[in-house]
1. So if I place +1 on the C-beta of Lys and Arg and -1 on the C-beta of Asp and Glu, and nothing else carries charge, what would the dipole magnitude of the chain be about its Cα centre? I want it in debye, nearest 20.
2. Distance from the Cα centre of the stretch 315-364 to that of the stretch 127-191, in angstrom?
3. Mind checking which of Pro138, Tyr228, Gln13 is farthest towards the positive end of the chain's charge dipole, using Cβ charges of +1 (Lys, Arg) and -1 (Asp, Glu) about the Cα centre?
4. Check Ala149: other-chain or 5+ apart residues with amide H under 5 Å from its amide H, H built from backbone geometry?
5. Is there a pair in Lys94/Lys307; Lys212/Lys299; Lys132/Lys167; Lys36/Lys554; Lys132/Lys291 whose C-alpha atoms are over 26 Å apart, and which pairs would that be?
6. For the chain, with the dipole built from +1 on Lys and Arg beta-carbon atoms and -1 on Asp and Glu ones, taken about the Cα centre, which of His285, His162, Cys356 lies farthest toward the positive end?
7. Please list, in order along the stretch 131-148, the HN-Hα scalar couplings obtained from phi with the Karplus expression 6.51 cos²θ - 1.76 cosθ + 1.60 (θ = phi - 60°), rounded to whole Hz, x for Gly and Pro.
8. Using the 2.2 N^0.38 Å rule of thumb for compact globular proteins, work out how the stretch 114-267 stacks up: its C-alpha Rg over that value, please.
Amino acid sequence: MANEWWKKSIVYQIYPISFNDTTGNGKGDIQGIIEKLDYLKELGIDVVWLSPVYDSPQADNGYDIRDYRAIFEQYGTMEDMDLLLKELHNRGMKLVMDLVVNHTSDEHQWFIESRSSKENDYRDYYIWKDGKENGDPPTNWGSIFSGSAWEYDEQTEQYYLHLFAKKQPDLNWENPKLREDVYNMMKFWLDKGIDGFRMDVINFISKDQEFKDGEVKPGDKFGDPGPYFVNGPRIHEFLQEMNNEVMSKYDIMTVGEMPGASPENAIEYTDPANHELDMIFTFEHMGLDEKNGDKWNLKPLNLVDLKENFEKWQTSLHGVGWNSLYWNNHDQPRIVSRFGDDEAYREKSAKMLAICLHMMQGTPYIYQGEELGMTNIRLNHLEDYRDIETLNMYKEKSDLGWSHEEIMEAIYAKGRDNARTPMQWSNEKNAGFTNGTPWLQVNSNYETINAEAALADEDSIFYFYQRLIQLRKELDVITTGSFALLMRDDPNVFAYRRVGDGESLIVLCNFSGKEVELAQEVVEEISGASVLITNENKSSATGTLSPYEGTVFKH
Ligand code: NOJ
């Protein structure tokens with residue numbers, strides 16, 4: 001709608017439990033966010049995406065909602081929430097809330113009613129089925145958080161579907177009454193003045209009604225349900241209805257989290273002519289360092305795959321849909337530990353990765369701590385981990401015969417707690433995050449990696465992000481220009497050209513820890529161009545890139 005302000009915006013994601021604690025209970029809270037709004041303003045961001053703060057038993061840190069219209073007590077009150085919104089708006093920033101409507105908590109009133117009897121008015125708010133004749137679950141589907149995706153409920157002798165944890169029963173979007181309730185809940189928040197929604201696994205909401213068994217892949221115990229709910233049969237109808245009932249009435253932004261969406265799907269979801277969403281989160285670039293679609297099955301990244309993947313998204317959506325750009329969120333490991341070097345070249349590689357992403361077309365998302373170059377964590381004991389996905393996976397992989405060491409390596413590389421360690425504000429106790437005991441260990445490198453140190457150092461990663469954000473405001477080519485991949489087959493260099501009205505940029509990123517040569521045609525192209533931004537001490541073109549160098553040339 002209207003002016004598409006989100007095309008020029010930079011979004012910052014806050015994961016509330018790990019952001020800033022003002023009560024001393026070891027968990028972040030809304031007042032803690034308010035305290036840090038000037039920090040976000042200094043960075044230059046336009047929009048905050050707040051992961052769930054709704055009332056929840058916290059089986060999945062709030063992605064299991066008990067009451068959509070109430071705030072989780074430990075995070076504060078509705079008054080705190082209203083104040084947060086007001087303080088953001090006072091500073092010229094916007095607020096996007098998480099919308100988790102593929103499932104609720106099993107403690108949501110709808111589910112309590114639903115499970116109470118087959119005749120209850122809310123029975124069809126969820127997906128209930130009889131077991132197979134032999135008593136097995138209705139299908140062989142595996143849950144994304146391990147085990148069967150069905151849970152038997154003795155009270156009514158049927159199974160309910162949960163694509164995630166048992167405590168996250170899936171909602172039945174076939175039911176128009178449920179849809180109407182969801183739309184009313186969205187309006188409740190939008191009428192308060194929030195500026196949009198990030199929609200959790202929104203391309204999972206339409207399930208194939210045949211409920212057939214999925215294919216059992218080698219090494220797996222359960223069938224793959226993906227084909228029966230990813231971009232399911234009625235998804236476009238549901239999103240168009242939601243748009244018509246809700247989004248079309250407000251000047252907001254929407255971003256759909258969409259595992260399994262291709263560029264072709266993304267165009268359907270984000271082409272304004274289709275009246276669905278403004279943009280989606282693709283998962284394709286996040287799956288390039290895994291084998292057989294199993295995120296725990298590690299594979300080194302082949303840079304050529306990453307380049308070609310970005311090229312596909314950048315060129316397919318250009319002029320028809322819209323990209324979101326991200327390296328990190330609360331579900332992904334820290335990018336500097338993943339595709340950079342979090343030891344010898346931590347600062348330099350973090351800046352290079354920032355350049356590589358922020359010079360592309362789309363709306364960039366920065367996850368808390370990314371602007372500090374926060375790194376993954378290696379905890380010695382499984383008991384120190386908190387994430388339900390990680391803990392369930394440990395059990396499942398052990399049952400499948402993986403060794404403890406193999407599983408721990410997978411957790412160190414991919415576990416979600418890597419991104420969830422408390423925000424590192426200062427070199428004081430607990431990184432200045434809490435006076436109490438942090439809910440998850442603080443990364444021991446906080447004494448050097450923290451916001452206070454970054455703000456005191458003009459060369460910091462923080463100020464580098466600030467500059468990239470400013471450049472997006474200054475140069476239209478970043479928002480609107482075309483994209484062309486250069487040095488396609490080079491295994492170390494990610495290079496591309498952006499061309500817009502009278503401006504062009506050549507972006508050069510070295511993803512390796514060694515010096516590399518540039519192709520002759522690139523050297524010719526950059527000769528005489530000016531350096532726009534660089535993480536290297538460089539003021540004019542050369543024929544090489546130093547380890548983890550990122551430099552942008554402008555004509
Ligand atoms: C995606 C969210 O980002 C993740 O954190 C959550 O566990 C699942 N959806 C289920 O809501």
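Just so it is clear, none of the values below were taken in a lab; they were calculated from the coordinates. These numbers come from a predicted model, not from an experiment. Positions of Cβ are generated from backbone atoms using ideal geometry, with glycine treated the same way; all protein chains shown enter the neighbour counts.
1. 780 debye
2. A separation of 34 Å, based on Cα centres.
3. It is Gln13, whose Cα lies furthest towards the positive end.
4. Answer set, sorted by chain and number: Trp141, Gly142, Ser143.
5. Lys94/Lys307; Lys212/Lys299; Lys36/Lys554; Lys132/Lys291
6. Checking the options against the dipole of the chain, the answer is Cys356.
7. Coupling constants for the stretch 131-148: x, 5, 4, 7, x, 5, x, x, 9, 8, 4, x, 7, 5, 9, 6, x, 6 Hz.
8. With N residues counted in the stretch 114-267, Rg over 2.2 N^0.38 Å equals 1.13.
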